[in-house]
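Please treat every number below as a calculation from the coordinates, not as lab data. Source: prediction; values computed, not measured. Quick reminder, even Gly has a Cβ in these numbers, built from the backbone with ideal geometry, and neighbours come from all protein chains shown.
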Amino acid sequence: MAKKTQKSDFISSGLVAQNRRAHFDYAIGETFEAGLVLTGTEVKSLRQGHANINEAYGIVEGEELLMSNMFIAAYDNQGYASHVERRNRKLLLHHREIIKIINALNRKGSTLIAMKLYFDNHGRAKLLIGLGTGKKLYDKRETTKERDWNREKARLMAH
């Protein structure tokens, strides 16, 4: 039997999932806020915080942008209707933004990365996506070195 959830367990606004490795693995250039086309059980599962966007990436199909490999767990209290956990979900953006992203993706090495999944103040599911290029190993070392130096600098300034 499914665990009984309280009304207070649901996320009405705020962060649902975050891709922490996005800035480490990719050099993010420009970010966009996109809406998502979701089914009812997907939204209910998101409100419980059951999502993973670490491996999600954007693909182009015709003149539409889709987010592929985004995981939204099955809803606990589902009835007869459910959803596929990993499916391509349509991104809702302005036409100019879609054209800009498609042109950027046609360049070699560009990727559309999911960075944050959250509910806005109106209760709508939003996805922060970024256009990025993959970092090489030496770029990742540089990022680690810079992060360690900033941490050490903050420690020294505190004393």
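Here are the numbers for the structure shown:
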{"read-out": "Extension reserve of the Asn69-His159 stretch, reckoned as 0.36 nm per residue once the Cα distance is removed", "value": "27.8 nm"}
{"read-out": "Amide H contacts of Val16 (H built 1.01 Å from N, under 5 Å, at least 5 apart or other chain)", "value": "Leu117, Tyr118, Phe119"}
{"read-out": "Tail beyond 24 Å, pair distance distribution of the chain (Cα, percent)", "value": "44"}
{"read-out": "Least to most buried among Ser68, Ser12, Ser82 (fewest other Cβ within 10 Å first)", "value": "Ser12, Ser82, Ser68"}
{"read-out": "31 Å Cα-Cα threshold exceeded, pairs from Lys44/Lys140; Lys90/Lys145; Lys100/Lys136", "value": "Lys44/Lys140; Lys90/Lys145"}
{"read-out": "Cα→Cβ-extended label distance, 7 Å offset, between Val37 and Thr133, nm", "value": "3.2"}
{"read-out": "Tilt relative to the chain, helix 95-106 - C-alpha long axis, 0 to 90 degrees, to 10", "value": "60"}
